[in-house]
Amino acid sequence: MSVSERTSKQASCKSAAFGSFYQANLVETGLLEEGEWVAFLDSLSKPLPTTFWITPTDRDADRVRGALRRFSAAADESSEGDGQRPCVRTLPWLPEDMGWRVDIPKVLLRKDGRFKPLHEMLIQYTAQGTINRMEEVSMLPVALLDIRAGHLCLDTCASPGSKTAQMLSCLSHANFKKWGRGLESISSDEVKQCANFLQGRIDYSLQEGCVVANEISAERAGMLVHQIARHQRLYPLALFTSHDARFFPSIRAPDGRGVRFDRILCDVMCSSDGTLRKAPHLWREWSSKHSLELHPEQLAVARRAARLLKTGGRMVYSTCSFSPVENEAVVAELLGNPCLALVDVREQLALRTAPGLPTWKVAVGGRLFGSFAEAEAAGAKKLLPGFFPPEEESLRSELKKCVRVLPHHNDTGGFFVAVLEKVAEASRESDTTLGYDSALDSDGEEAERRKQLERLEEAVATGRSEQERAKAEARRERARTSGSLARELARYCSLEAMPEQAAALRSAYGLHETLPESLLFSRHHLELGADGALVQTHQGEANQLLLLAKSAAEILCFGTGGHAKRKLKVIAGGLRVFEKDRFEVPARSTHFRFAQEALELVLPYVGRRVVKLEDPADAQLLLSRRDAAVAVLRSPGSAGLEALSPGGCILLLRTATSEWLPVSALRTQKDFEPLLGAPEVGFWQELSRRKLDLWRLDSSNVPLTAYYEASQASGVPAKCFLQKDAFECGPAPSGAAKVLGELKNFNTEEEFRTFLGNAEARQASLAEAVNQICSDIASGAALQDPSKLRRLMLCTFADLKKFHFSYLLTLPALRGSPWAPVSRQAADREQVAAVAKGLREQDFGGLCLLVRGSGWSLRPLAELPSVQVDSEEDLITVFVDPSSEEAPGWPLQNALVLLAKYRPGKRRILAFRDPQLGGQGYSSGPLRSQLLTFEVPPEAASASDCRAGWSKIATMDLTRFMDSKTVAANAVDLNIKLMKWRVLPALEPEKMKDLRVLLLGSGTLGCGVARALMGWGCRHMTFVDGGKVSFSNPVRQSLFTHKDAAEGRKKATAAREAVEAILPDAEVADVVLDIPMPGHPHQSAEGLRSNIAKLQELVDAHDVICMLTDSRESRWLPSLMVAAAQSQEGKTPPLGLTVALGFDSFLVSRQTYRNAPAACYFCNDVTAPSDSLAFRTLDQQCTVTRPGISGLASNCAVELLAALTQHPDGFAAESSNSSNACLESPLGGVPHQVRGFAADYALSPTETEPFVHCICCSQKVLQQYAAEGVPFIEKVIADSSILEEISGLAEMKAGMCEAEVEAFDDFDDL
């Protein structure tokens, strides 16, 4: 059935109430003619055409309009075989070809060569904000607002933001048409060449107006902001708030002057049945009572908007509902206020529309009422008079000025619009229909907030379980800290209040005086603290500066100022024009650089640091490589870039199409090349091992040793290596420089993220390393061991389930004098050769002295204070330099601080970068080492100012370097080790992991036990079963699937493959075997002997024998073999574990192990096992047990086994129920047997004694088996009754009367 057919069926069958209600209100009122009702219903089942509007101020608007006109012409010339003609046309009621409609079948649009480019164009320009998808009728409210230049506008219920974007676009376009772009006179010639890039207004210092977009839900408000984010150029005109629109606060200037809005849109929440064409699910949810519930809130929002409206201003009330209760009824109550008047706009629209309804009926409980009196007389409850048509004829006549758009009129959705103007001002004292007044009434929003918190508090108090109360508490905390309950979300501060930053910006970039500082703001987020007080989450200098239009800035300042009775809850606003860069760039006047999205607005104001690069090759290079060197640029203008001091700048790039493209850039001149942390794969693997096996939950700092090497090639970043042996704190490789470090590993991701967000914690961690460096310099320890000048702090979080590591690191450098070499020259080959030779022969710690005597020789750094030379020219400090760039490496800074203390003055530094010089296979070439001269003034090392060098957060996914089996195995082991870390330090999980377990039976119990064993990390299992998977098995036997049954696969084989798929490193075997059973003489003698031998081999090869078969007799032979193995000398016997099921009960039993006696499964029997499978009816052949019993039994058996492995006596442990038991397993009791009863939800652990006449483990039976071996088993299989004779059971029974015999066979039927 097609979507249309299904929707039509829903319309006809699913909502009879919809039909009766709207027939009464649309047909019987004369709005629809009788024949139109079918057309109306049919239209609701058709898909909507694609409609959209174009942002008129977008730089690509004309290009898109031109392309659409061409597609329109192509559509007019084509027709399809079925007579359907593609349609691309304008919406005639929107001016300047701003609105368009595309009605082309999706298949044709996506695949036809004529229209596929149209489809691609729609996607591309929708993403960048040129095209805005929107239903045609949804464009009506904003179009009818008639927004003009400089208007203050309010969108009361703005989410998801399409109408807000339309309002911003109309306001921006109106401003442009009235005032032009603005500031053309101050733009330089270079800027004017970028005319293709610059569109719309660039001067917001006039009263440009603004749009305040309000949304009650902070979550939906995020969607609203995201929607407007596509329109960056409109951002200065927008301010986003989060208030209940019924209680939107009044805005007043500090002098008490009220701020009113010129235009207000009330596109209120509604039942939305006008959108049935795009939301067919509403058929299922439709009810006339929704309108009754929404009406009071809709009216409250509209009344509050009317109060905020300026006299002479215009307000549009709209819904996407057909219901008159939500439409005309609300408007009628608004018109009860003489300050408001309806405007007839139907003639302005080139659309077929219908007038508003003067009368209507209200549905209550399946009945229709035309008046409040009629409904009240009929006993209808909870109705308001305002739901019904007004009694005054004049008011009814006015309602016809409303606009209704029905789906079948224009092939659109359904919509209602009422345009109202405020013709006079009225006070609350004279008119009570004006609704909420924030100046007179108590804070309605605060009252709603308290009610919400009270409901949540009640939910916490009345929770029926701990889990339910915990969920309620979580909801309460989320609500308490969410935007809907917080009083403020952000705090804005004008640049005027930051004169130093303002002066630095103007000085650095030559900003024109017409750029007002009052329009630039910093923004700080606020959160509710634990005590309910607002906390600013970021302290210190702002990271961004935002530009707001003058009107928006005034509303922001008025609404959030200290004089405001109720502050505006602003969640966003302003276009980011400056952002703080994250690079260590010295000697710059400001930390702020230009934001790329704001260049259109900022560029005309900028008088400095604008560089033109004419060569298109430079544009291609710079757009593809962020860190391109100035030296490789071709344009003549690159000389101007070379001369720029470090800091932000704007590059004007000529593109391949000869257009000019402005790009925000950062000019960097590094004085020292950063040293990048490079933890290798082996390091993370070793960290994982140590975390799992050694540290566990210990989060103490761990010492590390890293190293860096002298640079050997140009263009290779300087790296500090962390390898597998970093934790051993050994020496660095030959010629390398050792770096001392510490690892801080966080146990939870929350702790790690908290550390990242806590500047004080990071600073404290950094200060610890810096203080240690200063101390080592002051004490002279750094002279003896230069590695103490280099400290590394690595902070990590290791997700060892996913083998995913997050980390950041720092290599702090002391900031002494502004280090800059006074000279730089190529190093002397003789000096470099001496250094290369000396470093290969001896470890000098990466920093040493080169002294000239009879020749050049290396001396340790410890001689620095005392070494005597004829001239300072004869003393050179050698620094193993990891940098491949012109600037020396980062670690040199601390070395210079040490020189400042022990040997200040003019110091020559050899930045050594040629470790291969003189080495084997070296071919002569140009040297890369540099000889630098620094002026080093005397000063003490200080920790007060340092270069942190914190890296950005980085991640390492170790699974890329590991096979999936290893990842899975380690993840499983981690789950077990977590128990040891957190709960049971005495746990030894390896004892379970190394067990070899034989699973006799691969059915319900076999699958359950295998699953539980895998949970404990057990890797060695063997499945034994002779049956096939049947179609009834997969639902209860968790290792099988329907496919196994359909293919008739053997159970043992299918179970093995399932375990291998779940736990790939498991060592699993399968044996297809029919276990010989007493009373089943059906096998050949040769086959019987082979099966007995195979079973004995399996029992001997395993540590635990789990008897999990269905029948009683199938457990006898393995139980006998286990019992017999207990007396064998020189061999470790296996443990016998039996699990059996009843309908709603189960038994888990362990039998005698060595000298620790315990009853076997057959010790409770007084009859020999016989063929229990023959002559059974269908109900007797199937396992009849409650579905959950097998899982309980399986898990209980494995937990008992686990407890035994942890017991000091192991499998020989006495029963925990015994009075002699003095030891206990860390996992609890170890009874001989556990009986479970589902009916009582009870477990009954017991101690048992072997039965002297047991048909399996009694001494007489074991002696007979030991004497005869396989022939004995053959006899029992042929005639099981001999067991009663051998064990003495027959003799015992003969001496008892029949009434004294009680058979314990609860678990034998299954």
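The values are calculated or read from the model by the stated rules, or taken from the named source; none is laboratory data. Bear in mind the structure is a predicted one, so any value in this text is a computation, not a measurement. Positions of Cβ are backbone-derived with ideal geometry, glycine not excepted, and every protein chain shown enters the neighbour counts. Only protein heavy atoms, including side chains, enter the accessible area calculation; ligands, DNA and RNA are left aside. Shrake-Rupley method; radii C 1.70, N 1.55, O 1.52, S 1.80 Å.
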Could you grab me the full set of residues in the stretch 978-1010 that are surrounded by 19 or more Cβ atoms within 10 Å (Cβ to Cβ) and assigned to a helix (DSSP H, G or I)? Met992, Thr1004, Leu1005, Gly1006, Cys1007, Gly1008, Val1009, Ala1010
Applying the selection to the stretch 718-738, what residues are under 32 Å from the mean Cα position of the chain (by Cα), under 16 Å from Trp890 (Cα atoms) and open to solvent by 20 Å² or more (accessible area, probe 1.4 Å)? Lys719, Phe721
Looking at (1) in contact with a Leu (Cβ under 9 Å, 6 or more places away or on another chain); (2) modelled with pLDDT of 80 or more; (3) surrounded by 20 or more Cβ atoms within 10 Å (Cβ to Cβ), can you tell me which one Phe1143 breaks? (3)
Search result, residues across the stretch 849-900 that are assigned to a strand (DSSP E or B), over 56 Å from the mean Cα position of the chain (by Cα) and β-branched (Val, Ile, Thr): Val851
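Within the stretch 661-679, can you find the residues that are of a type in the set (D, E, K, R) and open to solvent by 30 Å² or more (accessible area, probe 1.4 Å)? Spell out the reasoning first.
Applying the first criterion (of a type in the set (D, E, K, R)) to the stretch 661-679 yields 667, 670-671, 673.
Passing the criteria: Lys670, Asp671.
Mind telling me which of the residues Leu294, Leu334 ends up being in contact with a Lys or Arg (Cβ under 8 Å, 6 or more places away or on another chain) and part of a helix (DSSP H, G or I)? Let's see the steps before the verdict.
Values: Leu294 fails: in contact with a Lys or Arg (Cβ under 8 Å, 6 or more places away or on another chain).
Exactly one of Leu294, Leu334 is in contact with a Lys or Arg (Cβ under 8 Å, 6 or more places away or on another chain) and part of a helix (DSSP H, G or I), namely Leu334.
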Kindly check whether there is at least one residue in the stretch 813-826 that is in contact (Cβ under 8 Å) with a residue 60 or more places away in the chain and more than 23 Å from Arg908 (Cβ to Cβ). no
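Rundown of residues vs (1) surrounded by 22 or more Cβ atoms within 10 Å (Cβ to Cβ); (2) over 26 Å from Ser779 (Cβ atoms); (3) in contact with a Leu (Cβ under 7 Å, 6 or more places away or on another chain); (4) among the polar types (S, T, N, Q), yes/no style:
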residue: Phe844; (1), (2), (3), (4): no, no, yes, no
residue: Cys848; (1), (2), (3), (4): yes, no, yes, no
residue: Gly889; (1), (2), (3), (4): yes, no, yes, no
residue: Leu892; (1), (2), (3), (4): yes, no, no, no
Which numbered condition Val325 fails, given (1) open to solvent by 10 Å² or more (accessible area, probe 1.4 Å); (2) in contact with a Phe, Trp or Tyr (Cβ under 9 Å, 6 or more places away or on another chain): (1)
Lone qualifier among Ser1258, Ser1225 - being open to solvent by less than 50 Å² (accessible area, probe 1.4 Å), within 60 Å of the chain's Cα centre (by Cα) and not aliphatic (A, V, I, L, M): Ser1225
Would you be able to tell me the number of residues in the stretch 1012-1038 that are in a helix (DSSP H, G or I) and either within 22 Å of Ser1111 (Cα to Cα) or over 41 Å from the mean Cα position of the chain (by Cα) (or both)? 0
Output the number of residues of the stretch 81-139 satisfying the condition of being more than 18 Å from Phe71 (Cβ to Cβ) and free of Cβ contacts under 8 Å to residues at least 40 places away in the same chain. 4
Being closer than 14 Å to Ala710 by Cα, within 57 Å of the chain's Cα centre (by Cα) and at pLDDT 90 or above: is that true of Gly846 here? yes
Condition check: over 26 Å from Thr1138 (Cβ atoms), touching a Lys or Arg at 6+ places or on another chain (Cβ under 7 Å) and at pLDDT below 95. Does Ala1061 satisfy that? no
If I filter the stretch 822-838 for residues that are among the β-branched types (Val, Ile, Thr) and open to solvent by less than 60 Å² (accessible area, probe 1.4 Å), do I get at least one hit? yes
Are any residues in the stretch 787-804 of a type outside the set (Gly, Ala, Ser), open to solvent by less than 10 Å² (accessible area, probe 1.4 Å) and closer than 20 Å to Lys901 by Cβ, and if so, which ones? Leu789
Scanning the stretch 1125-1136 for residues that are assigned to a loop (DSSP other than H, G, I, E, B) and out of contact with any His (no Cβ under 8 Å at 6 or more places or on another chain) gives Gln1126, Ser1127, Gln1128, Glu1129, Gly1130, Lys1131, Thr1132, Pro1133
Would you point out which residue out of Glu120, Glu96 is at positive phi and assigned to a helix (DSSP H, G or I)? Glu96
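Being among the β-branched types (Val, Ile, Thr), part of a strand (DSSP E or B) and under 24 Å from Ile1277 (Cβ atoms) narrows it down to one of Val1122, Val1148, Val1139, so name that one.
The unique qualifying residue is Val1139.
Per-residue answers, yes or no, for (1) within 25 Å of Ala24 (Cβ to Cβ); (2) in contact with an Asp or Glu (Cβ under 8 Å, 6 or more places away or on another chain):
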| site | (1), (2) |
| --- | --- |
| Ser242 | no, yes |
| Asp255 | no, no |
| Leu282 | yes, yes |
| Ser287 | yes, no |
| Leu292 | yes, no |
| His295 | yes, yes |
| Arg314 | no, yes |
| Thr319 | yes, yes |
| Val325 | yes, no |
When you check Glu421 against the structure, is it modelled with pLDDT under 75 and either open to solvent by less than 50 Å² (accessible area, probe 1.4 Å) or under 26 Å from Ala329 (Cβ atoms) (or both), yes or no? no
Can you tell me which of Ser638, Ser699, Ser658 is open to solvent by 30 Å² or more (accessible area, probe 1.4 Å), more than 30 Å from the chain's Cα centre (by Cα) and modelled with pLDDT under 90? Ser658
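Would the stretch 1039-1057 turn up any residue that is part of a helix (DSSP H, G or I), aliphatic (A, V, I, L, M), more than 27 Å from Val1184 (Cα to Cα) and open to solvent by 50 Å² or more (accessible area, probe 1.4 Å)?
Within the stretch 1039-1057, not a single residue is part of a helix (DSSP H, G or I), aliphatic (A, V, I, L, M), more than 27 Å from Val1184 (Cα to Cα) and open to solvent by 50 Å² or more (accessible area, probe 1.4 Å).
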Looking only at the stretch 1080-1138, and only at residues there that are charged (D, E, K, R) and crowded, with 20+ Cβ neighbours inside 10 Å, the one that is farthest from Thr1004 (Cα to Cα): Glu1113
Subset of the stretch 1075-1117 (residues that are modelled with pLDDT under 90 and either of a type in the set (Phe, Trp, Tyr) or under 53 Å from the mean Cα position of the chain (by Cα) (or both)): Asp1110, Ser1111
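Out of curiosity, is Leu652 more than 22 Å from Arg506 (Cβ to Cβ), surrounded by 17 or more Cβ atoms within 10 Å (Cβ to Cβ) and either modelled with pLDDT of 85 or more or not small (Gly, Ala, Ser) (or both)? Don't jump to the end; show me each part of the working.
Details: more than 22 Å from Arg506 (Cβ to Cβ): no; surrounded by 17 or more Cβ atoms within 10 Å (Cβ to Cβ): yes; either modelled with pLDDT of 85 or more or not small (Gly, Ala, Ser) (or both): yes.
Here the answer is no, as Leu652 does not meet what is asked.
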Quick one: would you say Ala158 is open to solvent by less than 20 Å² (accessible area, probe 1.4 Å), assigned to a loop (DSSP other than H, G, I, E, B) and either among the charged types (D, E, K, R) or at pLDDT 85 or above (or both)? yes
Among strands (runs of 3 or more DSSP E) lying entirely in the stretch 462-555, which contain 2 or more residues that are open to solvent by 20 Å² or more (accessible area, probe 1.4 Å) and at pLDDT below 85? 520-528, 534-536
